[in-house]
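In what follows, a single structure is set out as structure tokens and then discussed.
The values are calculated or read from the model by the stated rules, or taken from the named source; none is laboratory data. Just so it is clear, the model here is predicted, and its values are computed rather than measured. Here the Cβ positions follow ideal geometry from the backbone for every residue, glycine too, while neighbour counts run over all protein chains shown.
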Amino acid sequence: MSDRLLAALTRRRAALLLFAVVLCLPPFYLDAFWLRIGLFSMAAAIGAVGLALLSGTAGQLSLGHAFFLAVGAYGYAWLAGEPGPGLPPALAALLAVLLAGAAGGLFSPVAARVKGIYLGIATLALVFLGHHVLLTADSVTGGFNGRSVPPLTLGGFAFTESDPELTVLGVPFGAEERLWFLGLALFAFTWFTARGLQRGRPGRALAALRDSETAASVMGVDVARHRSAAFVVSSMYAGLAGVLLALAFRRVVPDYFSLALSVDYLAMIVIGGLGSVAGATAGAVFVTALPLLMTRYADQLPLVTAPGSAEGAVGPTEAARYLYGAAIVLVLLYAPDGLHGLARRVRDRARRRRPRTPAPETAVPTPPQPSARPKEHTP
Amino acid sequence: MTAFLDNILGGLALGAVYALVALGFVVIFKASGVLNFAHGSLLLFGGYLTAVLHDDLGFAGALALAVLTTAALAGALDRFLLQRGGQDAHSAHVQTIVTIGIDIVLLTDLARRIGGDLLSLGDPWGDSVTRLGPLTVADSRLAAIVVSAVVIGAVFALFRYTSWGLSLRAAAEDLEAAALMGVRLGRVRAGAWCLAGALAALAAVFLAAFPAPGLERTTGQIALNAFPAAILGGLASPAGALAGSLIIGLTEALVVGYQSDLHILGEGFGDVAPYAVMLLVLLVRPTGLFGAKGAARV
């Protein structure tokens, strides 16, 4: 092993550590508004990563993501709350995720056989039927007005304003600050598991399935089993995102889990770049934060009026929707691999420019395949 | 019995309107492999134009202009946005998602213009009714059935007897071979989109006519119910779309008509009944009732 390789690996690890540290800082400096944006973005990112596994890696179009988010959110609210079994919240959260997975499994007779666009429309049915159930099953879901979400407690530590009072480095830790770290932990879990899945054996099988069903099945990939497994895993991530969203909102209502939400998630992975975990995260932050930021700074933006002013004017929510509809169209037509591909292109260009300046030492790129690399450098 | 016949007739009228929309989906899918998610907003666009123009041009003039403009808009969207993405199967998936983006932009703009209003389209039927034996039928429903039948017949003739229809069927069968035979894929596609746009604008009239209160910003969502209709029949089959539309229309009308007997399913189940039917059909036949099971050649 050459020293350079070790240095590159260490640099990579150091960058990751630095990134993690930076993500831990906001609760100490930013107010609740920004923390809520961050929380929603993290929840959305978890859901989007799940959808990216399904749509990007396995090539299945799903418009049913909102349904599985709803199963997670309502599952937690019911399991941990009154009326309901009133389980310990941590257990309820775990069961809610499993419940979302089970819902995905129940749908697998369809998910395994129907493919591509047909699956997209079939999952559309889930959203509408699910919304109908949320509205009518009053005793479990609270009907139109929804139900409040009990706060999460982990071994006596509650993710609420107080109980116990907590002050870290002179900053009082309220619900947002505490949930931030919970979200961060869940997001890190999602990030590593999803990348593991994608780069490991299942991910390769799914990618083969996406590229050619016939070729994959000839190579020994069980088509139906992999398709439904991808669907179940993706629904579990959605369920986890749903739990986190419910905790952040503190109340769940049926109208939130509509077709528009499913479309939002599809937009996230498309804008981010299909099939990439990092891209899905970037897309999630973009789609979630954009309308919130535009609403907050509406009075300072050109062409946009504050909410509730004259009818027919372009309000902040509308402006955000214009922007993100246009973003979907433009990204797909001019940068089909999304933000992720854009970032990679910029990085490649920067790398190509670098060798000219100093000695060749700095020219060593971070090696994607460590085993093959050292030989080229030994004289 | 009267109530039953009433429901059947209502279902037929609804099915006829769905057929106009579903046929649009099928034509576009056949020509380009794209599932058009922007169809609902195209429909709303056509309806909105008719509503705005009918004071100045009269109903017929406004409708004609709306149909032409919507057709032109749909054709232009395909020609200048979607066709940039290429023609193969993978890009058809990408273009399907592009139509979602187009839908968001169009729908946001139309919803902003319409606001909370209920727009009248100025249709000549108003709330008049005709007595057919024991039944009382709204004229707008009869008109929906008659006009849809005529228009759909014309579209089928277009498929069967014109060179454009032949090109369309050839392109749906095998893109490459069709291109080599001299079919101008770009034009055939754009033509299909124009046709679908025109059908959508026409459907808007009947969706907003009596007994519906008028055109509102959510009218476009009704087009979503035509998704199950198109899928049910098999996306690539016009006849299937017709059958699917009638099934969906009848189901919806009957579920709404007998809602009091179906209260276990909850209030407002009529709105989601099409999707339940679609799921059941997809369980048995994953490519729809009339959809061909494609054989893969290696």
Note to self: Please go through the range A:347-364 and give me each residue that is within 30 Å of B:ALA92 (Cβ to Cβ) and modelled with pLDDT under 80, ordered by number.
What the structure shows: none
Next item on the list: Can you tell me which residue within the range A:244-282, out of those that are part of a loop (DSSP other than H, G, I, E, B) and of a type in the set (S, T, N, Q), is surrounded by the fewest Cβ atoms within 10 Å (Cβ to Cβ)?
Entry: A:SER258
Next item on the list: Run A:ARG147 past the list (1) of a type outside the set (Asp, Glu); (2) buried (at least 17 other Cβ atoms within 10 Å of the Cβ); (3) at pLDDT 75 or above; (4) within 19 Å of A:PHE33 (Cα to Cα) and report the number of the one that doesn't hold.
Entry: (4)
Note to self: Is it the case, given these coordinates, that A:SER228 is surrounded by 16 or more Cβ atoms within 10 Å (Cβ to Cβ) and not basic (Lys, Arg)?
What the structure shows: yes
Notebook entry, point to check: With respect to the numbered conditions (1) assigned to a helix (DSSP H, G or I); (2) touching a Ser or Thr at 6+ places or on another chain (Cβ under 6 Å), which one is the sole condition not fulfilled by A:ALA70?
Noted result: (2)
Item checked: Whichever residue in the range B:29-41 is under 11 Å from the mean Cα position of the chain (by Cα) and under 13 Å from B:ALA192 (Cβ atoms) and, among such residues, is modelled with the highest pLDDT -> B:HIS39
Note to self: Within the range A:284-299, does at least one residue satisfy the condition of being out of contact with any helix residue (DSSP H, G or I) (no Cβ under 6 Å at 6 or more places or on another chain) and without any contact (Cβ under 8 Å) to a residue 40 or more places away in the chain?
What the structure shows: yes
Check: Is it the case that the range A:62-82 has a residue that's in contact with a Lys or Arg (Cβ under 9 Å, 6 or more places away or on another chain), closer than 30 Å to A:ALA102 by Cβ and surrounded by fewer than 21 Cβ atoms within 10 Å (Cβ to Cβ)?
Finding: yes
Next item on the list: Return a yes/no flag: does the range A:27-38 have any residue that is touching a strand residue (DSSP E or B) at 6+ places or on another chain (Cβ under 8 Å), modelled with pLDDT under 80 and either surrounded by 12 or more Cβ atoms within 10 Å (Cβ to Cβ) or in a helix (DSSP H, G or I) (or both).
Entry: yes
Next item on the list: Among the numbered conditions (1) of a type outside the set (S, T, N, Q); (2) within 14 Å of chain A (Cβ to nearest Cβ); (3) not in a helix (DSSP H, G or I), tell me where B:GLY126 comes up short.
Entry: (2)
Check: Looking at the range B:228-242, which of the residues that are closer than 12 Å to B:ILE152 by Cβ and in contact with a Gly (Cβ under 8 Å, 6 or more places away or on another chain) is surrounded by the fewest Cβ atoms within 10 Å (Cβ to Cβ)?
Finding: B:ALA239
Check: Are there any pairs, at least 6 apart or on different chains, whose C-beta atoms fall under 6 Å, with the first in the range A:46-67 and at pLDDT 85 or above and the second part of a loop (DSSP other than H, G, I, E, B), and if so, which?
Finding: A:ALA66/A:PHE257
Notebook entry, point to check: Looking at B:LEU77, B:LEU43, B:LEU73, B:LEU107, which is the one that is under 29 Å from A:ALA122 (Cα atoms) and within 9 Å of chain A (Cβ to nearest Cβ)?
Noted result: B:LEU107
Next item on the list: Take the range B:1-34 and flag every residue that is of a type in the set (S, T, N, Q) and surrounded by fewer than 24 Cβ atoms within 10 Å (Cβ to Cβ).
Entry: B:THR2, B:ASN7
Item checked: In the range B:114-160, the residues that are within 30 Å of B:ALA171 (Cβ to Cβ) and among the aromatic types (Phe, Trp, Tyr) -> B:PHE156, B:PHE159
Check: When both residues are 6+ apart or on different chains and their Cβ atoms are under 9 Å apart, which pairs have a first residue that lies in the range B:99-128 and is in contact (Cβ under 8 Å) with a residue 60 or more places away in the chain, and a second that is surrounded by fewer than 18 Cβ atoms within 10 Å (Cβ to Cβ) and among the polar types (S, T, N, Q)?
Finding: B:ALA111/B:THR218
Margin query: Among the residues that make up the range B:2-17, is at least one of them within 21 Å of A:ILE117 (Cα to Cα) and in a helix (DSSP H, G or I)?
Written below: no
Checklist line | Qualifying residues in the range A:194-241 (those that are of a type in the set (Val, Ile, Thr), in a helix (DSSP H, G or I) and more than 15 Å from A:SER108 (Cβ to Cβ)) - the one farthest from the other protein chains (Cβ to nearest Cβ) | finding: A:VAL218
